[in-house]
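A short write-up of the structure that comes next.
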Amino acid sequence: MRASTTVNPAAVTGTTCGDTTDNIVFHDANVAQLAICGGIAGAITKCGGAPTSTTGSSGTALFKLNAVDSGATINVSKGRWEGCVRAARAVCPTGEFTSTCVGGASTGNVAFSLSAQ
């Protein structure tokens, strides 16, 4: 979760908490968050390459993303993605979770999860 912005609960839907005792290191989760789509850190502003699914991992953290609509591709912007993760973390402050980012695909939404690895 990035440090400086607000949480919009409407950014996600269907958030459920998994194992809250899993120790996912905060820094690992931040790095994994920016490792989706082959990397969206720095000047990169959105997921490129039009994948239907993608992962981002670092240390103890693994994000998995899938376009919800059949045939849709993931094109989530970095800002939207970070907002979705913040909103899911507001519901599940520790451990694993699954959620759906509203928008972020060529059509429809993006389902995602954070799990320990």
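Where residues in segment 9-40 are β-branched (Val, Ile, Thr), closer than 15 Å to Ala61 by Cα and not in a loop (DSSP other than H, G, I, E, B), which of them is most open to solvent (accessible area, probe 1.4 Å)? Going through the qualifying residues, I end up with Val31. Evaluated against (1) buried (at least 17 other Cβ atoms within 10 Å of the Cβ); (2) more than 15 Å from Ala32 (Cα to Cα), Cys84 falls short on exactly one condition, (2). Put simply, of Ala61, Ala105, Ala72, Ala87 the only residue that is more than 28 Å from Asp19 (Cα to Cα), of a type in the set (A, V, I, L, M, F, W, C) and over 9 Å from the mean Cα position of the chain (by Cα) is Ala72.
Counting only residues that are among the β-branched types (Val, Ile, Thr), open to solvent by less than 60 Å² (accessible area, probe 1.4 Å) and not in a strand (DSSP E or B), segment 41-60 holds 1 of them.
Checked across segment 61-82, the condition of being free of Cβ contacts under 8 Å to residues at least 24 places away in the same chain, among the aliphatic types (A, V, I, L, M) and either part of a loop (DSSP other than H, G, I, E, B) or in contact with a helix residue (DSSP H, G or I) (Cβ under 6 Å, 6 or more places away or on another chain) (or both) holds for no residue.
Among the residues making up segment 70-85, those that are closer than 12 Å to Thr100 by Cα and touching a Ser or Thr at 6+ places or on another chain (Cβ under 8 Å) are Gly83, Cys84.
Does Thr98 meet the test of being open to solvent by 60 Å² or more (accessible area, probe 1.4 Å), closer than 15 Å to Ala11 by Cα, modelled with pLDDT of 95 or more and of a type outside the set (A, V, I, L, M)? Yes; evaluated as a whole, the condition is true for this residue. Residue check: Ser77 meets all listed conditions (1) open to solvent by 60 Å² or more (accessible area, probe 1.4 Å); (2) farther than 19 Å from Ile24 by Cβ but one, namely (1).
The values are calculated or read from the model by the stated rules, or taken from the named source; none is laboratory data. Just so it is clear, the model here is predicted, and its values are computed rather than measured. Glycine gets a Cβ as well: all are built from the backbone with ideal geometry, and neighbour counts include every protein chain shown. Keep in mind that these areas ignore ligands, DNA and RNA; they rest on the heavy atoms of the full protein, side chains included. Shrake-Rupley method; radii C 1.70, N 1.55, O 1.52, S 1.80 Å.
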